[in-house]
Amino acid sequence: MNVLERLGVAIPVVQAGMGGGLSRHELAAAVSEAGGLGTIAVNGAAAIERELAAARALTGRPVAVNVLLPFARRDWFAAAAKADVVVTFWGAPKRRTPGVWLHQCGSVAESLAAHAAGADAVIVQGVEAGGHVRGRTPALDLLARVRAALPSDYPLLLAGGIAGRDDVRGALEVGATGAVAGTRFLLSEESRAHPEYRQRLLAAEDTILTELFGFGWPAPHRVVANAATDRGLKRDLRGPALNRALNRLTAPTARYTPVQVQARLVSAQRPGSRLLSPQGPTDDGPTSLLDAGPLYAGETVARIVDVRPAAKIVGDLTPS
Ligand SMILES: Cc1cc2nc3c(=O)[nH]c(=O)nc-3n(C[C@H](O)[C@H](O)[C@H](O)COP(=O)(O)O)c2cc1C
């Protein structure tokens, strides 16, 4: 039995945690209730506890919580450990839960480190993924290399490029235990993406890999163009050198900046600001982020043509 089957997850489809509150209890519960594994991604221990309780009220099935290691404090892990699965990303892999632990990785070296640290499975992220992108190679290529480097029965999940059942089938055929989809579920009725953000994604054909939105977290992210990228990426797709230097300087503060201060900074940012935060536009956040914030999306955005209920998306992704 693989790690998903042991949890009682019947369909090998995982909804990626989408941070800053883009994926909350409504989405996670709908995905889990439909037979996949839904993931909550919010900031702060109180928010994690609140969202997990709300998800538990909607489904008795397993639910995951995502924790971004550059931001997490000790109490976030304590709250997240009450979920059935903790998914970590971006940092030194370390077990923080007695339950199931998955770590998302962008290279063979990182996957070996996560395996050595005792992760129950690794999510292999390809460069085509949306949001923050650790992968440097296409997901299927990286999966093959990680598969060859780790024991043959060690579970691997694949993230990046998953928008339909053929993608999931393709991942399983090359040895994945399951497939992780972010952008497809962002374009669901239950995601907390701002409605206009969803509309911009539906109209988009292309994505950009940039470091522009790296305030407090200097990392590449895949986004759709908006006024901030039009202004900020004229010379260099990574973003202006001064912005990137400021992003690096502010990185150590990410974990310690109070949530209220972060919210004020996010509200104040405009296209052309030197400091552009990684907060995406939610339906209850500042509308200014539609043009001043990151419109995260993976390359699959070019293939996604509608906003659907999450349960239908799980059905669409189920390999028959
Ligand atoms: C809007 C958005 C936000 C994301 N936020 C997070 C996050 O907070 N934590 C995380 O581990 N991964 C995050 N990711 C990356 C996903 O875990 C996953 O690698 C990615 O969604 C897979 O590519 P796809 O979007 O093309 O399906 C995010 C992805 C998107 C699209």
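Just so it is clear, none of the values below were taken in a lab; they were calculated from the coordinates. Only a predicted model underlies this, so the values are computations on that prediction, with no experimental measurement involved. As a convention, Cβ positions derive from the backbone with ideal geometry for all residues, glycine included, and neighbour counts pool all protein chains shown.
Take every DSSP beta bridge with both residues inside the chain and express the antiparallel ones as a percent of the total, to the nearest 5.
Values: 9 of 38 bridges.
Restricted to the chain, the bridges split so that about 25 percent are antiparallel.
Please name which of 99, 68, 83 has its Cα lying farthest along the dipole of the chain towards the positive end, using unit charges on Cβ (Lys, Arg +1; Asp, Glu -1) and the Cα centre as origin.
Among 99, 68, 83, the one farthest towards the positive end of the dipole of the chain is 68.
Compute the acute angle (0 to 90°) between the alpha-carbon long axis of helix 45-58 and the principal axis of greatest extent of the alpha-carbon atoms of the chain; round to the nearest 10°.
50
Relative contact order, percent, of the chain when contacts are C-alpha pairs under 8 Å separated by at least 6 residues? Please list the in-between numbers first.
On the way: 764 pairs, mean separation 56.3, N = 320.
Worked out over the chain, it gives 18 percent.
Which value, in debye to the nearest 20, describes the size of the charge dipole of the chain about its Cα centre when Lys and Arg Cβ atoms bear +1, Asp and Glu Cβ atoms bear -1, and nothing else is charged? Display every interim value, and only then the final one.
Working: 35 positive and 29 negative charges, 206 e Å.
In debye, rounded to 20, the chain gives about 980.
I'm a student and want to see the number: the projected area of the Cα convex hull of the stretch 19-145, averaged over all directions, in nm².
Numbers: hull surface 29.1 nm².
Spelled out: convex hull of the Cα atoms, projected over all directions, averaged, 7.3 nm².
Throw me the Rg/Rh for the chain, computed over C-alpha atoms with Kirkwood Rh, two decimals.
Working: Rg = 17.9 Å, Rh = 19.2 Å.
That ratio equals 0.94.
Give me the distance between the Cα centres of the stretch 141-193 and the stretch 26-75, rounded to whole Å.
20
Taking the simple approach of a point 7 Å from Cα along Cα-to-Cβ for both residue 241 and residue 136, what is their distance in nm?
2.2
Around residue 49, what is the net charge, scoring Lys/Arg as +1 and Asp/Glu as -1 over all other residues with Cβ under 12 Å from its Cβ? List each step's numbers first, then the result.
Working: positive: 50, 56, 82; negative: 51, 75.
Around residue 49, the surrounding residues sum to +1.
Given all pairs of different Cα atoms, what value in angstroms does the Kirkwood hydrodynamic radius of the stretch 165-205 take? Walk me through the numbers on the way to the answer.
Values: mean 1/r = 0.0846 Å⁻¹.
About 11.8 Å for the stretch 165-205.
Mind checking the dipole of the stretch 208-296: about its Cα centre, +1 per Lys or Arg Cβ, -1 per Asp or Glu Cβ, Debye to the nearest 20?
Details: 11 positive and 6 negative charges, 79 e Å.
Magnitude of the dipole: close to 380 debye.
Using Cα atoms only, what is the angle between the long axis of helix 259-268 and the major principal axis of the chain, expressed in degrees (0 to 90) to the nearest 10?
50
How many nm is it between the label spots at residue 169 and residue 264, if each spot is 7 Å from the Cα in line with the beta carbon?
5.5
Calculate for the chain the 222 nm mean residue ellipticity that helices alone would give, adding -39,500 (n - 2.57) per DSSP H run of length 4 or more and normalising by residue count, nearest 500 deg cm²/dmol.
On the way: 14 runs with 115 residues, N = 320.
Result for the chain, helices only: -10000 deg cm²/dmol.
Averaging the inverse of every distinct alpha carbon separation and then flipping it gives the Kirkwood radius. What is it for the stretch 225-319, in angstrom units?
Working: mean 1/r = 0.0645 Å⁻¹.
Taking the inverse mean of 1/r over all distinct Cα pairs, the stretch 225-319 comes out at 15.5 Å.
How much of the pair distance distribution for the stretch 56-122 lies past 13 Å, counting alpha-carbon pairs only, in percent?
Values: 1330 of 2211 pairs.
Beyond 13 Å sits 60 percent of the P(r) for the stretch 56-122.
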